[in-house]
Amino acid sequence: MSDAFMRVFGRGSVARASAPGRVNLIGDHTDYAEGFCLPMPLPLETHVALAPADGFRVHSEEMEDTLDFDPFGPPRGNWSDYVAGPLAELVKAGFTVPPVEMTVRSSVPSGAGLSSSAALEVATLRAMLSLTGQAVSDSRIAHLAQAGENNYCGVQCGILDQMASAMGRSGQALLLDCRTSTGQLVPVPPGFHFEIVHCGEPRRLADGAYNARRAATVEAARRLGVTALRDADASRIASLSDDTMLKYACHVVTENARVLAAATALQAADITGFGRLMNESHASLAQDFEVSTPALDRLVESARDAGAVGARLTGAGFGGCIVALLAGDSPEWWSRVAVDNPGAWRVPL
Ligand code: GLA
């Protein structure tokens with residue numbers, strides 16, 4: 001990373017930090033309902049290096065692009081907003097944010113539902129805080145990162161991605177309570193082998209479908225007289241008169257229960273139980289929450305036909321990736337899946 005910084009800016013960097021992408025094993029579209037999720041950090045990371053400068057400038061190795069940005073000014077409408085937004089939140093919170101030049105290098109694929117944005121936000125905050133010698137907890141970093149994405153980038157994401165990136169530990173799942181912003185690490189037992197496959201179609205968060213889902217679940221909670229759908233149960237949501245809202249609420253309520261059951265199954269090394277919950281989660285996301293696509297559905301089905309114990313879309317949906325659970329490494333699995341899904345690609349882990 002310092003080599004890239006040296007090459008781009010002709011001097012050495014002063015602070016460096018990294019943060020991982022994540023795969024969500026189960027528990028999607030529950031975070032903004034103050035519910036539960038079970039993400040796991042990936043061995044794919046974003047690295048940031050920076051040094052004080054006379055203005056804010058960021059270079060991305062993957063984009064092959066260098067941009068000026070200004071966390072004290074309005075968004076620029078390009079990828080640098082994901083760097084400027086979290087820094088703008090640091091400013092708002094009263095931290096020192098000196099102008100810096102930065103380089104970014106990432107192995108987290110973007111637009112895949114694997115939290116490339118959160119990894120960039122968290123790594124940026126860590127690098128800036130390391131430069132200025134200011135100490136902040138992982139949970140606070142996650143909230144600053146999320147606020148940056150909400151307020152500066154206009155994406156009304158929940159806290160899942162940023163908490164997973166900031167608090168996750170390699171080889172362990174993280175049972176996240178999005179109401180209390182606390183997490184419990186759950187080791188992944190030997191024999192649980194997760195594969196991630198991109199369906200070949202990019203995921204689009206900003207196209208409004210995500211924000212619309214979120215707004216509908218908030219409205220459902222308001223109509224039910226609860227703080228968030230986390231507080232509702234199946235009998236309570238039955239009173240919702242709007243059919244679409246009822247289906248969305250049904251997904252959230254049942255998904256929260258599945259996450260807790262899945263964490264128990266993981267602790268008990270119950271691979272069949274965990275796989276069944278993944279399958280139920282996909283059905284709920286597709287039929288009730290309506291965030292799957294034909295390509296994701298086909299891929300999930302092929303993954304199971306080829307021997308996966310469970311498979312589901314992961315992240316927001318609308319394209320991007322699926323996660324599949326295999327009982328150990330199976331060399332033929334991917335070649336069997338690839339035959340029926342020519343546009344799909346296996347995420348290298
Ligand atoms: C995106 C958002 C998260 C979460 C997931 C769906 O990744 O950034 O906050 O809502 O979608 O679970």
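The values are calculated or read from the model by the stated rules, or taken from the named source; none is laboratory data. Everything quoted here is computed from the prediction, not taken from an experiment. Cβ sites come from the backbone with ideal geometry, for glycine too, and all protein chains shown count toward neighbours.
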Residue under question is ARG7, and the condition is that it be in the same structural domain as GLY171 (by TED's automatic domain parsing), basic (Lys, Arg), outside any loop (DSSP other than H, G, I, E, B) and touching a residue at least 40 places away in the same chain (Cβ under 8 Å); does it hold? no
Condition first: in contact (Cβ under 8 Å) with a residue 12 or more places away in the chain and among the polar types (S, T, N, Q). Now tell me which residues in the range 312-349 satisfy that. THR314, SER330, ASN341
Flagged in the range 115-153 as within 13 Å of the ligand (Cβ to nearest atom), at pLDDT 95 or above and not in a helix (DSSP H, G or I), in numbering order, are SER115
Using the structure shown, decide if GLY183 is away from the ligand (no atom under 11 Å from the Cβ), closer than 17 Å to ALA262 by Cβ and free of Cβ contacts under 8 Å to residues at least 24 places away in the same chain. yes
Across the range 316-338, which residue is nearest to the ligand (Cβ to nearest atom) among those that are crowded, with 18+ Cβ neighbours inside 10 Å and more than 13 Å from VAL197 (Cβ to Cβ)? ALA316
Scan of the range 269-294 for residues that are of a type in the set (Asp, Glu) and assigned to a loop (DSSP other than H, G, I, E, B), ordered by number: ASP270, GLU290
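Here is a yes/no grid of residues against (1) assigned to a loop (DSSP other than H, G, I, E, B); (2) aliphatic (A, V, I, L, M); (3) within 15 Å of the chain's Cα centre (by Cα):
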residue	(1), (2), (3)
GLY55	yes, no, no
MET63	yes, yes, no
MET102	no, yes, no
PRO109	yes, no, yes
Please verify whether the range 86-109 includes one or more residues that are at pLDDT below 95 and of a type outside the set (Gly, Ala, Ser). yes
Can you find, within the range 219-237, the residue that is nearest to CYS37 (Cα to Cα) among those that are modelled with pLDDT under 95 and not polar (S, T, N, Q)? ASP233
Hits in the range 14-41 (condition: among the hydrophobic types (A, V, I, L, M, F, W, C) and in a strand (DSSP E or B)): ALA15, ALA17, ALA19, VAL23, LEU25, ILE26, PHE36, CYS37, LEU38, MET40
Quick one: which residue in LEU90, LEU67, LEU44 is in contact with a Pro (Cβ under 7 Å, 6 or more places away or on another chain) and either outside any loop (DSSP other than H, G, I, E, B) or away from the ligand (no atom under 16 Å from the Cβ) (or both)? LEU44
Can you say whether LEU176 is among the aliphatic types (A, V, I, L, M) and exposed (fewer than 15 other Cβ atoms within 10 Å of the Cβ), as far as the supplied structure shows? no
Give the residue, chosen from ALA238, ALA308, ALA286, that is touching an Asp or Glu at 6+ places or on another chain (Cβ under 8 Å), away from the ligand (no atom under 16 Å from the Cβ) and not hydroxyl-bearing (Ser, Thr, Tyr). ALA308
Expected output for the range 295-311 (first residue assigned to a loop (DSSP other than H, G, I, E, B), partner surrounded by 24 or more Cβ atoms within 10 Å (Cβ to Cβ) and not aliphatic (A, V, I, L, M), Cβ below 9 Å, 6+ apart or cross-chain) is VAL309/PHE274
Could you check the range 1-41 and list, in sequence order, the residues that are away from the ligand (no atom under 16 Å from the Cβ) and closer than 30 Å to PHE274 by Cβ? SER18
